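J.: I am attaching a structure below and will ask some questions about it afterwards.
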Amino acid sequence: MTMKKQTLLISTLLLIGMTGSHVVLADNVTKDSANDKKIQLSTEATESKEVASTESSTSTEATTNTSEDNKGTTTSEVEKTVEKLVGEKKGEEVPVDDKPAASKIREELSSGGYGISKEELDKYTDEQLEQTMTLFTRYNYDITGMDYGAYSRLLTTLFVDKTVNLNDALTQLYFNPSGFNSYSEMIPRVDELQTYLKTLYPVNSTFIPGVNLTNDQLIAKLNNLQKLEEEARAKGEELPFGRIAGLLQSSDGNGGEGESSSSQTTEPSVTSSTEKGKVTTPTTSDDKGGFLPKTGEEKQKTVLTLLGAFTILGMGFVLRKKM
């Protein structure tokens, strides 16, 4: 065999070895790429499922909270609220139909130990005392069970704390909740009822604070109280509180606590959803910053080494034989 043919044979063997190496490497790259894509898709699918699951849990929790908010108020709960709002009684209840003159009011307040001194009482004019009694009478209709101690507190609210505006409140007395035959009759006039509540029962009132309710929440309470009233009347009884008392019942069962709590549980749940939705993607790097061999890589290296060795042995054998 000539030198030229030997060179051609050696080149062919080398080309076969290199081609085999490239084929194996290309196959490895393709497999690695496919595996990486599968891992990525799997991770994204897992993350999506966890986020969806968490959001579903959040939605369920929000629905549960809404259901809790819409639970019917009971008569006993409203009575407890009335006791809390009226406060400790220090004397006989003031009859709702009683409209005493200023002189009678001064006499009662001076003799009963209602938390107001003679000097403080003397600062009020007869007109102020009588206007306060007009407003107090409405509160007594709305809630019921008030004594002169409550009247004394109303004086402080109107003229010292000024958390209720006397003139604005007197203007709203045209709307009379006690003049309705049922709670459901007030539903068509829910906007007027809202104005009435916000004027006489603002959330910052130092006398009887109200609760912030949307029209839908207010209507839901009216419907619930309507059922309570119908049940009582079926037994030949009347509810033991005024028409407004039940509307001052907040969603957690407490009266006069300011903001309604129906929307306070969503935000923490959303935050929790975000935290739970995070998925840590596993990495292949070791602690020293290098990369760990992937599955099958060591085996592929062995194949390449053996292929190279056989190529060299083959070339040596051919050269020795021809020489």
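The values are calculated or read from the model by the stated rules, or taken from the named source; none is laboratory data. Every value quoted in this text rests on a predicted model; they were computed, and no experiment measured them. Cβ coordinates were reconstructed from backbone atoms using ideal geometry, including for glycine residues, and neighbour counts include every protein chain displayed. To get the accessible areas, we keep the full protein, side chains included, count just its heavy atoms, and leave off ligands, DNA and RNA. Shrake-Rupley method; radii C 1.70, N 1.55, O 1.52, S 1.80 Å.
J.: Could you grab me the full set of residues in the range 103-125 that are surrounded by fewer than 18 Cβ atoms within 10 Å (Cβ to Cβ) and in contact with a Ser or Thr (Cβ under 8 Å, 6 or more places away or on another chain)?
T.: Of everything in the range 103-125, those that are surrounded by fewer than 18 Cβ atoms within 10 Å (Cβ to Cβ) and in contact with a Ser or Thr (Cβ under 8 Å, 6 or more places away or on another chain) turn out to be 115, 118, 121.
J.: Just one of 77, 130 is at pLDDT 90 or above, in a helix (DSSP H, G or I) and surrounded by fewer than 21 Cβ atoms within 10 Å (Cβ to Cβ); which is it?
T.: On the way: 77 fails: at pLDDT 90 or above.
Result of the check over 77, 130: 130.
J.: Within the range 109-124, can you find the residues that are touching a residue at least 12 places away in the same chain (Cβ under 8 Å) and either among the small types (Gly, Ala, Ser) or part of a loop (DSSP other than H, G, I, E, B) (or both)?
T.: Scanning the range 109-124 gives 112, 113, 114, 115, 116, 124.
J.: Could you check the range 138-151 and list, in sequence order, the residues that are over 18 Å from residue 248 (Cα atoms) and surrounded by fewer than 22 Cβ atoms within 10 Å (Cβ to Cβ)?
T.: First pass over the range 138-151, keeping only residues over 18 Å from residue 248 (Cα atoms): 147-149, 151.
Within the range 138-151, 147, 149 qualify.
J.: It is to be established whether one or more residues within the range 272-281 are at pLDDT below 90, among the β-branched types (Val, Ile, Thr), open to solvent by less than 90 Å² (accessible area, probe 1.4 Å) and more than 19 Å from the chain's Cα centre (by Cα).
T.: Restricting attention to the range 272-281, the residues satisfying the condition of being at pLDDT below 90 are 272-281.
Cutting the leftovers down to among the β-branched types (Val, Ile, Thr) gives us 274, 279-281.
Filter again for open to solvent by less than 90 Å² (accessible area, probe 1.4 Å), leaving 274, 279, 281.
Now restrict to residues that are more than 19 Å from the chain's Cα centre (by Cα): 279, 281.
Yes: the range 272-281 contains one or more residues that are at pLDDT below 90, among the β-branched types (Val, Ile, Thr), open to solvent by less than 90 Å² (accessible area, probe 1.4 Å) and more than 19 Å from the chain's Cα centre (by Cα).
J.: Okay, moving on. Any idea which of 198, 221 is within 25 Å of residue 136 (Cα to Cα), assigned to a helix (DSSP H, G or I) and in contact with a strand residue (DSSP E or B) (Cβ under 8 Å, 6 or more places away or on another chain)?
T.: On the way: 198 fails: in contact with a strand residue (DSSP E or B) (Cβ under 8 Å, 6 or more places away or on another chain).
None of the others qualify; the one that does is 221.
J.: A follow-up question, please. Of the residues 156, 163, only one is over 24 Å from residue 79 (Cα atoms) and assigned to a loop (DSSP other than H, G, I, E, B); which? Talk me through it step by step, then tell me what you get.
T.: On the way: 156 fails: assigned to a loop (DSSP other than H, G, I, E, B).
The unique qualifying residue is 163.
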